[in-house]
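Right, one structure below, let's go through it.
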Amino acid sequence: MSRFFVIFLILIGIGGGLFWAWTNVPEVKNITSSYMGKGKFQTLEVRYTADTIMEKHRKDLLRDEQHNYLDPDLKFHPYLLLEVKYNRSNDKTAEGIILWSLVDGEMIINTSTWESTHGFADCLKAGADRNDFKVINILAGFKSNGTDRDTLAKILNVDNDVLDTWVENCRKKNLIVQSGNHFRLHMQNPKLKVEPETKLEQWIVTKPAKTSSVMTRKFKAYQIESLAKATFGYDFAIRKSTEVFLPVYSITVQNPDGSQMTSYWNALNGRQLEKTLHIE
């Protein structure tokens, strides 16, 4: 076999692998598209300027004349936008959009308030599957109080051996806590019982990539998609997934002693982001 033919076969293999990744891995397709699409990517619209936010919250951020603003910075928080369809409780099919953070792993419930779920990040890190969510979704309905084993068995309607296996798997993944015959979610103030749809009130626009500073993704697109399918059941389907970005201002205050305090602000609704959201 000639050297040229071997190289030819290797190139075909590489090309086939790249084509498979483009077809089957949304992240590869999104990243490649950003370079092929004239250096642009999709982002939610900036509706508040940094100056507007800084002026409105001056009294809160600048305690006195000894505190000063440094130049604000604009960063972009990556989200996965899912176009979905699902079965409503009235047995009618609904179609909608979900925004899911690739940084903190939570789903946005409403873009006006930027209210989000709480607990899906733990499920992502633990690798929760469909069977795990059969238990989690029931306990989520009881919020932080949980319920007993008999109630779980009655709702799930499965054999005792199957129930014991599901419960034990959730416990090993630190998703639920058992106290005697009682079970509850192992999360503080969980918020998982939500409709599979984000109330989206803003347009999606494009932004030149050269002006952006994109935050590091902590979760993969396929992880979010798998989790969504597991939690929302068999009647839930993802029609299309696209990566979009939330513009976020990093506003830093210089303190008199030389130290600095940085806060992060949603450029879409002008509100401060949760302090637990690590931007850097």
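Tell me which residues, restricted to the stretch 126-167, are of a type in the set (S, T, N, Q) and assigned to a loop (DSSP other than H, G, I, E, B). Correct list: Ser144, Asn145, Asn157.
Please determine whether any residue of the stretch 242-250 is of a type outside the set (Val, Ile, Thr), under 19 Å from Leu44 (Cβ atoms) and surrounded by fewer than 18 Cβ atoms within 10 Å (Cβ to Cβ).
Start the filter on the stretch 242-250 by keeping residues that are of a type outside the set (Val, Ile, Thr), which leaves 243, 245-247, 249-250.
Checking the rest, the ones that are also under 19 Å from Leu44 (Cβ atoms) come to 243, 245-247, 249-250.
Adding the requirement that they be surrounded by fewer than 18 Cβ atoms within 10 Å (Cβ to Cβ) leaves none.
Within the stretch 242-250 (the criterion being of a type outside the set (Val, Ile, Thr), under 19 Å from Leu44 (Cβ atoms) and surrounded by fewer than 18 Cβ atoms within 10 Å (Cβ to Cβ)), the answer is no, since none of the residues qualifies.
Exactly one residue out of Leu62, Leu44 is more than 22 Å from Ser213 (Cβ to Cβ), out of contact with any Cys (no Cβ under 9 Å at 6 or more places or on another chain) and at pLDDT below 90: that is Leu62.
Under the condition of being among the basic types (Lys, Arg) and outside any strand (DSSP E or B), which residue from the stretch 85-110 is surrounded by the fewest Cβ atoms within 10 Å (Cβ to Cβ)? Write out each step before concluding.
Going residue by residue through the stretch 85-110, those that are among the basic types (Lys, Arg) are 85, 88, 92.
This time we only want the ones that are outside any strand (DSSP E or B), so: 88, 92.
Working: Arg88: 12, Lys92: 7.
Per the criteria, the residue is Lys92.
Among the residues of the stretch 42-84, the ones that are in a loop (DSSP other than H, G, I, E, B) and not basic (Lys, Arg) come to 13 in all.
When the residues of the stretch 64-84 are narrowed to those that are of a type in the set (D, E, K, R) and surrounded by fewer than 18 Cβ atoms within 10 Å (Cβ to Cβ), which ends up nearest to Cys123 (Cα to Cα)? Within the stretch 64-84, the match that is nearest to Cys123 (Cα to Cα) is Glu83. For beta carbons closer than 7 Å, sequence separation of 6+ or different chains, a first residue in the stretch 134-158 that is modelled with pLDDT under 90 and a second that is assigned to a helix (DSSP H, G or I), the qualifying pairs are Gly146/Leu139.
The values are calculated or read from the model by the stated rules, or taken from the named source; none is laboratory data. Every value quoted in this text rests on a predicted model; they were computed, and no experiment measured them. Note: ideal-geometry Cβ built from the backbone for every residue, glycine included; neighbour counts use all protein chains shown.
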